[in-house]
Amino acid sequence: MIVASDLNGTLTTGSPILAIANWAENNQPWLRPRLFKYRVLFSYLQVKAGLKELDIWADRTMRKVLDLIQSPDEELVNSIMSYVVESELWPKRRERPVSLLKDFHNQGAEIILVSAAFEPAVLEFAKKIGDERITAIGTKIFLTEKRISLEETLTTREKKLEKVKNIIGSNTIEIALGDTFADIPLLEQARRPIAVFPDRRLRKTAEIRNWQILE
């Protein structure tokens, strides 16, 4: 049995972006990460009000927050991504869907976490679900001499489903979990779609198609 789940909003209310800004505030304050956090929160309110597109906002903000990390190397990046999960994503996890995933895993399911979030952070969160039969897919990051960069396209919407299919091939997704309209392409492919604390557009789709809603 294959179970695929989104991460941000579905399994946790925590923010990888704010977690990295918090790390920078504690470790590299001369880059003024607190000001960056205020700008992020203000611009996110604009997203919620429909004044900005979510995908464009997420892409720009994820790239900008990585610029707060100076002189990055692999060890530092791994340490920061562990901090993201331990200080933010896991403490703010949604107990019901996380417990549901753990139950599926204990029953022998193969779990796939797929998210637009930074892939190393998705991997760290996945380790909390189980050590075996679990795959973490996120937006890949790359180290250069001076900075960290993201792959060209975030792992969202159709890209999310594409990456899952690259792993499972012709196999069927038995259960899928998501929380926003961006997860609809993934949920449509599952025999049992579950909308977790869905946004307005996903809720409407779930109600029309009689999908399970978990709140």
> Out of all the residues in region 26-49, which are over 29 Å from Arg200 (Cα atoms) and under 22 Å from the mean Cα position of the chain (by Cα)?
Replying inline: Pro33
> What is the one condition in (1) crowded, with 18+ Cβ neighbours inside 10 Å; (2) in contact with a Pro (Cβ under 8 Å, 6 or more places away or on another chain) that Asn78 does not satisfy?
Replying inline: (1)
> Can we say Leu54 is within 22 Å of Ser87 (Cβ to Cβ), touching a residue at least 24 places away in the same chain (Cβ under 8 Å), touching a helix residue (DSSP H, G or I) at 6+ places or on another chain (Cβ under 8 Å) and surrounded by 14 or more Cβ atoms within 10 Å (Cβ to Cβ)?
Replying inline: no
>> Suppose we filter region 140-164 for residues that are closer than 14 Å to Asn8 by Cα and either assigned to a helix (DSSP H, G or I) or not β-branched (Val, Ile, Thr) (or both); how many remain?
In response: 3
>> What's the number of the only condition in (1) more than 14 Å from the chain's Cα centre (by Cα); (2) exposed (fewer than 14 other Cβ atoms within 10 Å of the Cβ); (3) under 20 Å from Ser5 (Cα atoms) that Lys92 fails to meet?
In response: (1)
>> Out of everything in region 130-149 that is buried (at least 19 other Cβ atoms within 10 Å of the Cβ) and among the hydrophobic types (A, V, I, L, M, F, W, C), what residue ends up being farthest from Leu66 (Cα to Cα)?
In response: Ile134
> Among (1) over 21 Å from Gly178 (Cα atoms); (2) touching a residue at least 40 places away in the same chain (Cβ under 8 Å); (3) not polar (S, T, N, Q), where does Tyr38 come up short?
Replying inline: (2)
> Within region 58-76, restricting attention to residues that are touching a residue at least 40 places away in the same chain (Cβ under 8 Å) and under 17 Å from the mean Cα position of the chain (by Cα), which residue is farthest from Tyr44 (Cα to Cα)?
Replying inline: Leu66
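Quick note: the coordinates plus some simple rules give every number you see, no bench work behind them. Computed from a predicted model, the values in this text were never measured in an experiment. Please note: Cβ atoms are built from the backbone with ideal geometry, for glycine as well, and neighbour counts cover all protein chains shown.
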